[in-house]
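Have a look at the structure below before the remarks.
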Amino acid sequence: MAPFLIVNPHSGHGSDADELVREAEARGIRVHVLEEGDDIPELARQAEADALGIAGGDGSLAPVAEVALERGLPFVCIPLGTRNHFARDVGLDRNDPVGALDAFVHRQERVIDIARANGRLFLNNVSLGLYAELVHGREGHRRRQEAFARLRAFAILVRNRRPLGIAIDGQAVDARVVLVSNNAYQLDLFSVGARERLDTGRLHLYVPAGLFRRGWIEREGERFEIDAAAGRLRAAIDGEPELLDTPIEFTIEARALRVLLPRRPGS
C-alpha cells in the first residue's frame, strides 16, 4: 500500500509545489494537489494508504494529523510554508521539502504529543488577544524586514491597552496576550522560538511580564481553562485566525501521534 501526500500549492512559495509533486511520484508516493473546494480531512480519510502526509505551512498540518491519529497511521510533514515551525521543531530541514519526502521511503518513526483547544487539534500553539492580531499582521507582511515587524508589534501593544478580561483556571488575569503551547517554547516578547521537546506531555501557558520587560510569566500543566466575559476570543491556532467560544479548554495527549522522519545516516 502506497503512502498518500496532499500538497497545498498555495503555501509559501507555490513554485516549489511542481518540483515536489514530481519528486514524490518518482518515489512511489500517491499525490493529490489541492483544488478549490477540496475537503482535506475527507481526502485523508478516504485514501488507501499506510502513511498520510501534507505538504504545506503550519496551518495546513492539523487536519491531516487528526485523521492520521483517528486511523492509527503515521503522519508526515513536508515543509512548504513560510515559517514551518513544526517542521523545524520535529527535526526537519525546513528549507528542503524534497528531502523531507524520504520520510515516506526511509522511515524513522518518532512519537510526539498533540494538544487541543475545545477539542480542536493543534501541533504548535494557540495565541489569544493581541498576540493573535500580531500573528495575523505578520502573516500579511511576512516578507517585510524583521526590524519593521518588531516595530509594528510594539506599536500594536502600545496602542491596545485594554486587557482581554479573562480568567485562567478561575483566576482573573490582567493580560492582553496569552499563548498556550504544545510543550515549551523559547520566547522573547515579540517572537516564538524553538521547542527542544515535543514529548513531555505538558502544556505551557505564557502571559507577558509587563509591556517593557522582555519576559513571560509561565505556567505548565496537562489542562488549562480560559474563560472570558466576552463569550468568544480572537485566536490564532497554529497561525490560522479563528474565533473560539469560551470557556476554552486546553488539553494535551501525550505521545499520541506517530511522525515519520527521514532516516539519518548511521541510524
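Please give me the summed charge of the neighbours of Phe4: other residues whose Cβ is under 13 Å from its Cβ, Lys and Arg +1, Asp and Glu -1.
Residues close to Phe4 contribute a combined charge of 0.
At q = 0.16 Å⁻¹, what base-10 log of I(q)/I(0) does the Debye formula yield for the range 4-105 when every alpha carbon is treated as an equal point scatterer in vacuo?
Those come out to -0.58, one per q.
When the Karplus curve 6.51 cos²θ - 1.76 cosθ + 1.60 is applied with θ = phi - 60°, which whole-Hz ³J(HN,Hα) does each residue of the range 67-83 get, with x for Gly and Pro?
5, 4, 5, 4, 8, x, 9, x, 10, 10, 9, 10, x, 9, x, 8, 10
Step through the residues of the range 113-122 one at a time and calculate ³J(HN,Hα) from phi using the Karplus curve (6.51 cos²θ - 1.76 cosθ + 1.60, θ = phi - 60°), rounding each to whole Hz and writing x for Gly and Pro.
In residue order, the calculated couplings are 7, 10, 10, 9, 10, 6, x, 7, 5, 9 Hz.
Throughout, read-outs are computed from the coordinates displayed, never taken from laboratory work. Please read these numbers as outputs of a predicted model, since none were measured by experiment. Virtual Cβ from ideal backbone geometry, glycine too; neighbours counted across all protein chains shown.
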